[in-house]
1. So, R0 is 22 Å and r is the distance between the beta-carbons of Asp139 and Thr96; what FRET efficiency does that work out to, to 0.05?
2. Bin by bin, in steps of 5 Å, what percent of the Cα pairs in region 48-103 do you find, going until the bin that has the longest distance?
3. Between Leu168 and residues 5 or more places away or on another chain, which pairs have amide H atoms under 5 Å apart, with H built 1.01 Å from N, and which residues are they?
4. Taking 0.36 nm per residue of sequence separation and subtracting the Cα-Cα distance, how much length would be gained by fully extending the chain between Leu84 and Asp164, in nm to one decimal?
5. Between His183 and Glu132, what is the FRET efficiency for a Förster distance of 35 Å, r being their Cβ-Cβ separation, to the nearest 0.05?
6. Between Met157 and Ser26, what's the calculated FRET efficiency when r is the beta-carbon distance and R0 is 30 Å? Round to 0.05.
7. Across region 67-80, in residue order, what do the Karplus-derived ³J(HN,Hα) couplings come to in whole Hz, using 6.51 cos²θ - 1.76 cosθ + 1.60 with θ = phi - 60° and x for Gly and Pro?
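What follows is calculated from the coordinates using simple rules that are stated; it is not laboratory data. Everything quoted here is computed from the prediction, not taken from an experiment. Neighbour counts are summed over all protein chains in view; Cβ atoms, including those assigned to glycine, are modelled from backbone coordinates with ideal geometry.
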Amino acid sequence: MPNTRTNAPRGALVFDTRTLGRQAGSARTQQLTVPAPDDLRLELARVPVGTDMHLDVKFEAVTEGVLVTGSATAPLAGECARCLRPLTTSVTASFTELYLYADGRRTHDKHDKHDRRNSREWFDEDTEQDDEERHLDGDLLDLEPVLRDAVVLALPMSPLCREDCPGLCVECGVPLADAGPVHGHDVSPDPRWAALEQLGDQPTRRSGAVDLQEG
């Protein structure tokens with residue numbers, strides 16, 4: 001399909017699957033650019049809201065629903081974890097998700113339920129699986145939750161401006177990359193030893209000696 005640009009702030013990641021049909025095996029691909037949603041961030045790295053996010057997506061009809069695979073590339077902004085300098089780069093995330101048909105949810109035969117020894121066990125398992133499943137809204141497929149999870153997981157927890165960033169000086173906080181190899185600080189004497197040094201500067205007196213006084 002042709003490369004398209006989506007400017008709508010809402011619904012930019014909602015796709016209509018009617019053109020795909022429900023014949024298992026049918027597929028279509030789409031390349032598009034959408035504005036990045038909010039909250040794609042960690043403490044030191046983020047995708048700026050509204051920046052261009054490039055998607056390459058494949059939609060494939062399967063028996064249970066629509067299988068979506070693809071990748072997203074977006075600009076990355078943040079701070080270096082060592083020297084705290086601003087940095088700009090990009091992040092690429094891949095994703096794969098099955099969206100079940102809204103009218104084709106997994107059902108259980110009543111007799112099969114009664115055959116289970118522990119009905120509570122079936123309920124817990126079924127509820128847990130339903131929480132993990134995603135469903136089409138009619139023919140509409142909302143890709144934003146899947147995309148959000150994939151991008152956030154791909155963000156670096158400790159981004160670096162460069163692999164060998166030396167960080168900051170522990171004494172004055174200046175970036176060591178700017179200070180150079182000759183940067184250093186004189187070692188300050190421990191104030192706890194100052195009193196001993198003063199005693200060492202005083203003249204020594206022999207044990208038992210008496211000062212002579214004039215007159």
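1. Once rounded, the FRET efficiency stands at 0.60.
2. Here the calculated profile for region 48-103 is 5, 16, 18, 15, 13, 11, 9, 6, 4, 3, 1.
3. Here the answer is Leu176, since their amide H atoms fall under 5 Å of that of Leu168.
4. 27.4 nm
5. It comes to 0.10.
6. Once the sixth-power term is evaluated, E becomes 0.15.
7. Per-residue couplings from phi come out as 8, 10, 10, x, 9, 9, 10, 9, x, 10, 10, x, 10, 5 Hz.
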